[in-house]
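Enquirer: Have a look at the structure that comes next, please.
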Amino acid sequence: QVQLAESGGGSVQSGGSLRLTCESSGDDLSEYTRGWYRQVPRNPRELVAIIFPNGTANYGNSVAGRFTISEDIGKKTVYLQMDSLKPEDTAVYYCNADHKPAGANYFYRYWGDGTSVTVSS
């Protein structure tokens, strides 16, 4: 079992920065893809950034060049550095961990409870 806990959300003015942290506990996550998603009311959850077990990172189009995902050794903690924030970045940000075992027809997926980010103009 895995538990994920986000922190670092808050309120910031447009152009500012925040750093989100996702701490994990429980099972080893070294084989998991780790990610950040965000959601605003009445909209589906949106991919922000993911980092694969090999360290490769991908970003959503709306945040590429402004946000950076990183992780510590052992993948216990994942970070999201958010720079040049815009009002449209306002959302609840969720930490995620995904893993599909080789040859399996199922996967493991875990979510944190989310941390709120508000960017004012």
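The values are calculated or read from the model by the stated rules, or taken from the named source; none is laboratory data. Keep in mind that this is a model prediction, so the values were computed, not measured. Using ideal geometry, Cβ is built from the backbone for each residue, glycine included, and neighbour counts are taken over all protein chains shown. Surface accessibility is based on the protein's heavy atoms, side chains included, excluding ligands, DNA and RNA. Shrake-Rupley method; radii C 1.70, N 1.55, O 1.52, S 1.80 Å.
Enquirer: Summing +1 for each Lys or Arg and -1 for each Asp or Glu, what net charge is found among the other residues whose Cβ lies under 12 Å from the Cβ of TYR108? Intermediate results must be reported in sequence, preceding the final value.
Expert: On the way: positive: LYS100, ARG109; negative: ASP27, ASP28, GLU31, ASP98.
Value of the local net charge: -2.
Enquirer: Among TRP36, TRP111, what's the order by accessible area (1.4 angstrom probe), most exposed first?
Expert: Sorted descending by solvent-accessible area, the residues read TRP111, TRP36.
Enquirer: Show me the ranking of peptides 14-25, 88-99 by mean Cβ neighbours inside 10 Å, starting with the highest.
Expert: Per-residue mean Cβ counts within 10 Å order the peptides as 88-99, 14-25.
Enquirer: Using Cα pairs closer than 8 Å and at least 6 residues apart in sequence, work out the relative contact order for region 1-103, in percent.
Expert: 34
Enquirer: Assuming R0 = 22 Å, can you tell me the calculated FRET efficiency for the pair ASP113 and ASN54, based on Cβ-Cβ distance, to the nearest 0.05?
Expert: Computed FRET efficiency for ASP113 and ASN54: 0.20.
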